[in-house]
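Here's the structure, in structure tokens; my notes come after.
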Amino acid sequence: MKIHLKSALVMMGIVAMTLSCQEKNDENPVKIAAQVDEVVNILADEFLTLEIQGGDENQAFGLRIIEEENGTFSSKLETEKPNHPKTNLENCINSIELTETQTQEIRETFIGLFECRLENFQAFREDVLEIIKALEAHRLEMLTKLFREEITRDEFKNSMLELKERYKGELEEIRDKHKENLKPCLKGFVESLRETLGQEDWEKLVSCLKK
């Protein structure tokens, strides 16, 4: 009787281990891959934020890349009280209680991320500046007509609104192109981040970023 009971318990243990391994091998990798892709998309949107400013009688068209004003990740992580706005990613990481080891590893990961993103950001900025030049050329043309009283101020303002709308789609295409170029770099960063955080803290980060 004892032998049969022992055999049954062993079999139950084997079945449990098999099911556990199967769950890890079949379900978790799929879930993790989906989460990684989701986080990569979120970060790509956050890191490539731009704003066209100016474009009136007194101010030329200009480019404002939000990410640049926030500084580099390496400088952020080396200071306890940065004097610039934090990204959503940083805020989410700071909301998690990390060990000293995790903090150090994440700092190093961020520095690597900055280095691999640098070339892409330069290309992104150059492409957008080409659009800015085209916008400014149109603005100066219309401004000349305004000074010559060939058009009214309302007509000038409307032409600027139409101009921004005309180039809006082209700017979005440029942004989408560079987002795709950035994603391989981001994916490596996110995967390293997930490994450093561990499953529980990783789930917290994903939840925070999706809010």
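The values are calculated or read from the model by the stated rules, or taken from the named source; none is laboratory data. Note that the structure is predicted; figures quoted are calculated from it, not measured. Ideal geometry is used to build each Cβ from the backbone, glycine not excepted, and the neighbour counts take in all protein chains shown. Please note that ligands, DNA and RNA were not included when accessible areas were found on the heavy atoms of the full protein model with its side chains. Shrake-Rupley method; radii C 1.70, N 1.55, O 1.52, S 1.80 Å.
So the values come out like this:
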read-out	value
Karplus-derived HN-Hα couplings along segment 182-193 (A = 6.51, B = -1.76, C = 1.60, θ = phi - 60°), whole Hz, x at Gly and Pro	7, 4, x, 5, 5, 5, x, 5, 5, 5, 5, 5
Solvent-accessible area per residue, Å², over segment 88-142 with all protein chains present [probe radius 1.4 Å]	55
Entries of Lys133/Lys157; Lys31/Lys211; Lys168/Lys211; Lys157/Lys177; Lys164/Lys210; Lys145/Lys168 with Cα pairs more than 22 Å apart	Lys168/Lys211; Lys157/Lys177; Lys164/Lys210; Lys145/Lys168
Residues Lys168 and Arg148, FRET efficiency given R0 of 30 Å [Cβ-Cβ distance, rounded to 0.05]	0.60
Residue order for Met160, Met142 - accessible surface, 1.4 angstrom probe, largest first	Met142, Met160
Under 5 Å, built H, 5+ apart or other chain: amide partners of Phe61	Gly55
Area of Cys92 that stays accessible when all protein chains are in place (1.4 Å probe, Å², to 10)	0
Probe 1.4 Å, all protein chains present, accessible-area order of Ser95, Ser192, largest first	Ser95, Ser192
Accessible surface, 1.4 Å probe, highest first, among residues Asp37, Asp201	Asp37, Asp201
Normalised per residue, the volume of the convex hull around the Cα set of segment 122-211 (Å³)	121
